[in-house]
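Visitor: Below you will find the structure I want to go over with you.
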Amino acid sequence: MVSRVRTVLGDIRPEELGVCDAHDHLFLRSVQLPGRELDDAPAARAELAAFRAAGGAAVVQWTPYGMGRRAADLPELSRTTGVRLVCATGLHQAAHYARDALDTLRGRLAEVFVSELTEGIGTTGVRAGLIKVAGGFHALDAHARWTMTAAAEAHHATGAPVAVHLEQGTGALDVLDLLCGALGVPGDRVILGHLNRFPDPVVQREAAASGCWLAFDGPSRAHHATDWRMPEALGALADAGFGDRLLLGGDTVVAGARSVDGGPGMPYLLRRVRPRLVEALGAELVDRVLMDHPGRAFAVDWV
Ligand SMILES: [Zn+2]
């Protein structure tokens, strides 16, 4: 069996990903963000082109089921910009959905995830390459346990990695206890997102010791008062021997955050974050984080 990253244009070898934004969004719609949707294909194309011009080669979109992923648009966007794209199945927190939308998924959530990973999303034929779920603020509610149980089942059926939104960066150890402890997902098949938002170095080290991937993302959003701690946090993890567990992403979630709409957007990750991290960690590790780790985190021996 050979490990492959499942992109929207088909499966590729991990080393073909290149410089990768391991957590971002081209399209995203939520009842929580009215009027700020990412729902514009020309803007998505321009943002990808800007990322490409800054040296980017691949983007992993974490937008899950029912949040306006626009899977049908992704192959053409990837082809025309030359940026590899990986898209997600999975489910976000209940607050991002209408109640009746969730009711239709009761009893068949794992089945939906598996079908989107193996058959394709809807009738698009575009297959998801990861399962995105979400924790809660310092706790896991019934919805989080339901979605994580389904994600683990879909992981066991396919091998797909499980990427987790940590609410305000919290709850990492609760998520790992459930996913890796009770539900048996191997640590290196779990990617924890938003750790930079709750920069407790002890929790981050304990999470890394489970073997999971730590994704530091969203370093361009004005409300993240902890962004400036990122170089220090990554340095501490590297010093503790966990440099090989790190991933980086831009996590653009609203239209105003796009570089083509005047925000920092995807290019900021390479334009400003990368040199800042090179200063803190050295070019060798930062290159591995951007070019080698995403391939390892998202490559799967697809069942
Ligand atoms: Zn995100």
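Visitor: Between R276 and D301, how high is the FRET efficiency from 1/(1 + (r/R0)^6) when r is the Cβ-Cβ distance and R₀ = 25 Å? Nearest 0.05. Write out the running numbers ahead of the final one.
Guide: Working: r = 36 Å, r/R0 = 1.42.
E between R276 and D301, to the nearest 0.05, is 0.10.
Visitor: Anyone know which of A53, A151, A142 comes out most mobile in the 10 Å Cα GNM of the chain?
Guide: Residue with maximal mean-square fluctuation among A53, A151, A142: A142.
Visitor: When the Debye formula is applied to the Cα atoms of the range 133-242, each taken as the same point scatterer, what base-10 log of I(q)/I(0) results at q = 0.11, 0.12, 0.16 Å⁻¹?
Guide: The calculated log intensity ratios at q = 0.11, 0.12, 0.16 Å⁻¹ are -0.32, -0.38, -0.67.
Visitor: Next up: By counting other Cβ atoms within 10 Å of each Cβ, how are L192, L214 ranked from fewest to most?
Guide: L214, L192
Visitor: While we're on this one: Contour minus end-to-end for H156 and R13, with contour as 0.36 nm per residue of separation and end-to-end as the Cα-Cα distance?
Guide: 49.3 nm
Visitor: When the gyration tensor of the range 47-173 is built from Cα positions, what are the square roots of 5 times its three eigenvalues, in whole Å, from largest to smallest?
Guide: Semi-axes from the Cα gyration tensor: 26, 18, 13 Å.
Visitor: Then there is this: Please compute P(r) over all alpha-carbon pairs of the range 52-119, binned at 10 Å starting from zero, and give each bin as a whole-number percent.
Guide: Here the calculated profile for the range 52-119 is 17, 44, 26, 12, 1.
Visitor: Quick one: Cα centre-to-centre distance for the range 48-96 and the range 134-193, in angstrom?
Guide: Using only Cα atoms to place each centre, the spacing works out to 21 Å.
Visitor: Among 14-25, 29-40, 234-245, how do they line up by average Cβ neighbours within 10 Å per residue, starting with the highest?
Guide: Answer by packing, highest mean first, reads 14-25, 234-245, 29-40.
Visitor: Let me ask something additional. Of W62, W213, W146, how do they rank once you tally other Cβ atoms within 10 Å and put the fewest first?
Guide: Lowest count first: W146, W213, W62.
Visitor: As a footprinting exposure proxy, order M230, M266 by other Cβ within 10 Å, with the fewest listed first.
Guide: Lowest count first: M230, M266.
Visitor: A further question on this structure: Counting just the Cα atoms, what span does the range 228-293 cover along each of its three principal axes? Round to the nearest Å and put the largest first.
Guide: Computed over the Cα atoms, the extents are 38, 23, 18 Å.
Visitor: To continue, here is another question. What Kirkwood hydrodynamic radius, in Å, does the chain give when the mean of 1/r is taken over all pairs of distinct Cα atoms and then inverted? The partial results should precede the final answer.
Guide: Working: mean 1/r = 0.0534 Å⁻¹.
Computed over Cα pairs of the chain, the Kirkwood hydrodynamic radius comes out at 18.7 Å.
Visitor: Under a 5 Å amide H to amide H cut-off, with H placed in plane at 1.01 Å, what residues pair with L105 once short-range neighbours are removed?
Guide: Answer set, sorted by chain and number: none.
Visitor: Suppose every Lys and Arg Cβ carries +1 and every Asp and Glu Cβ carries -1, with no other charges. What dipole size does the chain come out with about its Cα centre, to the nearest 20 debye?
Guide: The dipole of the chain has a size of about 420 debye.
None of the figures in this text is laboratory data; all of them are computed from the coordinates on show. A quick note: this is a predicted structure, and the numbers were derived from the prediction, not measured. No Cβ is skipped: glycine too gets one built from the backbone with ideal geometry, and neighbour counts run over all protein chains shown.
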